[in-house]
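Visitor: Mind having a look at this structure? Questions to follow.
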Amino acid sequence: SSAIRRYGGSFYGISSANQTLIGYEDVDRLFSSQMNHALSIEWHGYGLFLRFFGFPDTPTLRKKVESTFKPWHSPIERVFNNDAGATAAFERGNLPKIVSEFVSFSQEKEKMKRWELRAATKVIKQGEAVEANLSALIMDFGACFTIPPIFGHDLLDRNPHLLEDIWKFDHVVPLLFINMPTWVPFKVMKEGIEARKRLLAGVEAFSRRVTQFQQGEKVDDGADMSDVSDVVLERNTALERNKWSYQERAASELLVLFASNTNTQPVLFWLILYIYSTPGLVNTLRREVAPFITLSDSRHNKKDITAIDTPGLSRECQLLKSIILETLRLAFGAVSTRFVKRPITVQDGNHAHKLYPGTFLSVPHSFSQRDPSLYPDPDKFVPDRFLEMDPASGKLVAKYGKLRPWGAGASMCRGRVFAEKELMAIGAALVMLWDITPAGGGEWTVPEMVGGPGPAKPKEEVRVVIQRRVFGGISSE
């Protein structure tokens with residue numbers, strides 16, 4: 001890359017159409033000061049919309065996007081990036097109930113939970129131990145928690161292949177991002193495009209039912225849409241007002257469904273894997289999170305969770321926060337991309353770089369995440385790496401430092417507040433109720449990561465044994 005780049009300083013790129021900014025110290029100020037002026041997140045999103053779903057770039061569609069953008073994104077900001085909104089949506093997911101049902105200890109599909117179906121579960125001891133693929137189980141569990149508070153239960157219940165199709169489509173997104181033709185004879189492309197077709201059909205039918213519900217009409221199939229969130233209802237109203245077709249609405253809402261799951265759920269898997277595979281960490285975390293998780297008052301040595309104090313977890317559980325940041329550092333390659341709307345000159349030391357309208361500027365934050373000058377032993381998982389002493393309180397506090405997992409500038413990831421709550425609460429809840437060990441006994445093996453933009457994927461599955469935590473025994477110390 002350095003040998004063939006056209007520009008000096010922090011700017012890399014073979015052509016002026018796509019510039020990559022690496023090691024530029026003032027990226028937050030650049031992206032904040034120029035947002036919606038010269039550098040736009042809006043038209044970058046429009047470009048991805050075209051690439052991911054194959055829509056032609058027409059003046060009509062451009063006008064629809066331009067007129068809909070603000071009412072389209074305001075509900076997302078209010079729920080996913082606002083503490084009160086994220087907390088309310090989080091509580092609708094009823095995590096205490098579903099985490100108590102993490103595994104059903106059954107191999108009969110009718111008795112299994114939705115998130116167990118892809119995990120190749122095998123009952124080892126009836127009612128006590130089950131073997132499963134950890135990645136599939138955790139990712140689908142996270143999705144089953146995230147989807148209903150936003151879309152209600154109808155979308156997930158009515159589309160049995162929805163979760164599997166999300167992950168298949170996710171595999172081809174990097175190829176679509178670089179404009180790979182959908183006809184290329186790759187198995188992953190064929191399966192991903194077929195998954196996209198099913199997803200769009202399911203979300204299009206869902207959007208029709210939402211419109212029928214809003215307009216007081218008879219809803220197809222007698223579906224109950226009463227638990228669909230205000231986010232979906234407000235977005236659908238904006239799309240209806242601006243005359244979006246149902247096919248276009250399907251693509252619009254699939255973006256929300258996709259974005260709210262494909263980044264967070266793989267990170268959740270790595271988080272759980274690191275916690276359980278690091279000697280002594282589970283018991284340390286149990287002591288930290290215990291004051292913020294209420295357990296059932298049962299005489300038996302196996303309990304359920306009745307309440308989770310998510311603000312308390314966020315405020316006091318600084319080791320858990322540090323573990324999440326360390327997981328993001330190792331397993332998430334954030335990239336901030338902006339579309340250049342107007343000419344701009346960026347001063348970069350002795351260099352002055354001119355950016356022209358119609359081009360793109362990207363910042364791959366992951367380039368610094370394994371820099372040994374910033375993070376000693378950069379390939380090692382260090383739970384307390386991000387803990388620093390706060391001079392005012394005298395307590396250890398988890399701080400991001402130079403880590404930018406949510407992007408840069410004022411327009412960072414719109415779902416970061418909800419994602420942080422999800423990682424903290426699910427991580428804490430699973431640790432409190434469940435013991436997870438490697439299948440077959442022996443030592444943990446952390447699989448090789450398959451990298452790229454966004455979250456890393458495990459090169460192979462991690463087979464584990466899952467059991468209920470026994471309170472009062474050795475596992476509860």
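The values are calculated or read from the model by the stated rules, or taken from the named source; none is laboratory data. Not measured: the values here are computed from a predicted model. Cβ placement follows ideal geometry from the backbone for every residue including glycine, while neighbour counts extend to all protein chains displayed. In case anyone asks, the SASA skips ligands and DNA or RNA and just uses the protein heavy atoms, side chains included. Shrake-Rupley method; radii C 1.70, N 1.55, O 1.52, S 1.80 Å.
Visitor: Pull up the range 207-227, narrow it to residues that are aliphatic (A, V, I, L, M) and over 19 Å from residue 68 (Cβ atoms), then point me to the one that is surrounded by the fewest Cβ atoms within 10 Å (Cβ to Cβ).
Guide: Filtering the range 207-227 for residues that are aliphatic (A, V, I, L, M) and over 19 Å from residue 68 (Cβ atoms), the one surrounded by the fewest Cβ atoms within 10 Å (Cβ to Cβ) comes out as 219.
Visitor: Does any residue of the range 181-189 turn out to be in contact with a Cys (Cβ under 8 Å, 6 or more places away or on another chain) and assigned to a loop (DSSP other than H, G, I, E, B)?
Guide: Checked the range 181-189: no residue is in contact with a Cys (Cβ under 8 Å, 6 or more places away or on another chain) and assigned to a loop (DSSP other than H, G, I, E, B).
Visitor: Out of the residues in the range 382-396 meeting the condition of being part of a loop (DSSP other than H, G, I, E, B) and in contact with a helix residue (DSSP H, G or I) (Cβ under 7 Å, 6 or more places away or on another chain), tell me which one is least open to solvent (accessible area, probe 1.4 Å).
Guide: Taking the candidates together, the pick is 386.
Visitor: Mind checking which pairs have a first residue in the range 114-137 that is under 20 Å from residue 274 (Cβ atoms) and a second that is among the polar types (S, T, N, Q) and part of a loop (DSSP other than H, G, I, E, B), Cβ under 6 Å, 6 or more apart or different chains?
Guide: Going by the 6 Å Cβ cut-off, the qualifying pairs are 132/121.
Visitor: Could I ask something else about it? Is it the case, given these coordinates, that residue 392 is touching a Pro at 6+ places or on another chain (Cβ under 6 Å) and small (Gly, Ala, Ser)?
Guide: The answer is no for residue 392.
Visitor: Further, regarding this structure: Quick test for you: out of 110, 101, pick the one residue that is among the acidic types (Asp, Glu) and closer than 19 Å to residue 148 by Cα.
Guide: Of 110, 101, the one residue that is among the acidic types (Asp, Glu) and closer than 19 Å to residue 148 by Cα is 101.
Visitor: Shifting gears a bit: Please indicate, with yes or no, whether at least one residue in the range 170-177 is within 26 Å of residue 113 (Cβ to Cβ), open to solvent by less than 30 Å² (accessible area, probe 1.4 Å) and in contact with a helix residue (DSSP H, G or I) (Cβ under 8 Å, 6 or more places away or on another chain).
Guide: Yes - at least one qualifying residue is present in the range 170-177.
Visitor: Would you point out the residue of the range 295-333, among those that are over 24 Å from the mean Cα position of the chain (by Cα) and free of Cβ contacts under 8 Å to residues at least 60 places away in the same chain, that is most open to solvent (accessible area, probe 1.4 Å)?
Guide: Selected residue: 299.
Visitor: Picking from 169, 186, 213, 177, which residue would you name as being within 21 Å of the chain's Cα centre (by Cα), of a type in the set (Phe, Trp, Tyr) and over 15 Å from residue 256 (Cα atoms)? Full working, then the answer.
Guide: Values: 169 fails: over 15 Å from residue 256 (Cα atoms); 186 fails: within 21 Å of the chain's Cα centre (by Cα); 213 fails: within 21 Å of the chain's Cα centre (by Cα).
Criteria check complete, one pass: 177.
Visitor: Turning to a different aspect of this structure: On the given criteria, is residue 438 in contact with a Phe, Trp or Tyr (Cβ under 6 Å, 6 or more places away or on another chain) and modelled with pLDDT of 90 or more?
Guide: yes
Visitor: I'm trying to understand the selection: among the residues of the range 334-357, which are touching a residue at least 24 places away in the same chain (Cβ under 8 Å), out of contact with any Lys or Arg (no Cβ under 8 Å at 6 or more places or on another chain) and open to solvent by 50 Å² or more (accessible area, probe 1.4 Å)?
Guide: Those that are touching a residue at least 24 places away in the same chain (Cβ under 8 Å), out of contact with any Lys or Arg (no Cβ under 8 Å at 6 or more places or on another chain) and open to solvent by 50 Å² or more (accessible area, probe 1.4 Å): 335, 341, 342, 349, 350, 351, 356.
Visitor: Any idea which of (1) among the charged types (D, E, K, R); (2) under 18 Å from residue 252 (Cα atoms); (3) touching a residue at least 60 places away in the same chain (Cβ under 8 Å) is the one residue 209 doesn't satisfy?
Guide: Going through the list (1) among the charged types (D, E, K, R); (2) under 18 Å from residue 252 (Cα atoms); (3) touching a residue at least 60 places away in the same chain (Cβ under 8 Å), residue 209 breaks only (3).
Visitor: Would you confirm whether or not the range 370-381 contains a residue that is open to solvent by less than 50 Å² (accessible area, probe 1.4 Å) and not in a loop (DSSP other than H, G, I, E, B)?
Guide: Checked the range 370-381: no residue is open to solvent by less than 50 Å² (accessible area, probe 1.4 Å) and not in a loop (DSSP other than H, G, I, E, B).
Visitor: Would you tally the residues in the range 87-136 being assigned to a loop (DSSP other than H, G, I, E, B), closer than 15 Å to residue 426 by Cβ and of a type outside the set (Asp, Glu)?
Guide: 5
Visitor: So residue 426 fits all but one of (1) open to solvent by less than 50 Å² (accessible area, probe 1.4 Å); (2) touching a Gly at 6+ places or on another chain (Cβ under 9 Å); (3) in a strand (DSSP E or B); what number is the exception?
Guide: For residue 426, the exception is condition (3).
Visitor: Moving on to the next point. Considering 204, 217, 194, which residue is within 26 Å of residue 62 (Cα to Cα), among the charged types (D, E, K, R) and either out of contact with any helix residue (DSSP H, G or I) (no Cβ under 6 Å at 6 or more places or on another chain) or part of a helix (DSSP H, G or I) (or both)?
Guide: 204
Visitor: Considering only residues that are assigned to a loop (DSSP other than H, G, I, E, B) and touching a helix residue (DSSP H, G or I) at 6+ places or on another chain (Cβ under 8 Å), look in the range 137-164 and name the one that is surrounded by the most Cβ atoms within 10 Å (Cβ to Cβ).
Guide: Taking the range 137-164 as the starting set, the residues that turn out to be assigned to a loop (DSSP other than H, G, I, E, B) are 152-153, 159-161.
Then drop every residue that is not touching a helix residue (DSSP H, G or I) at 6+ places or on another chain (Cβ under 8 Å), which leaves 152, 159, 161.
Numbers: 152: 23, 159: 17, 161: 12.
Among those residues, the one meeting the criterion is 152.
Visitor: Could you tell me whether residue 213 is out of contact with any Cys (no Cβ under 9 Å at 6 or more places or on another chain), more than 29 Å from residue 446 (Cα to Cα) and modelled with pLDDT of 95 or more?
Guide: yes
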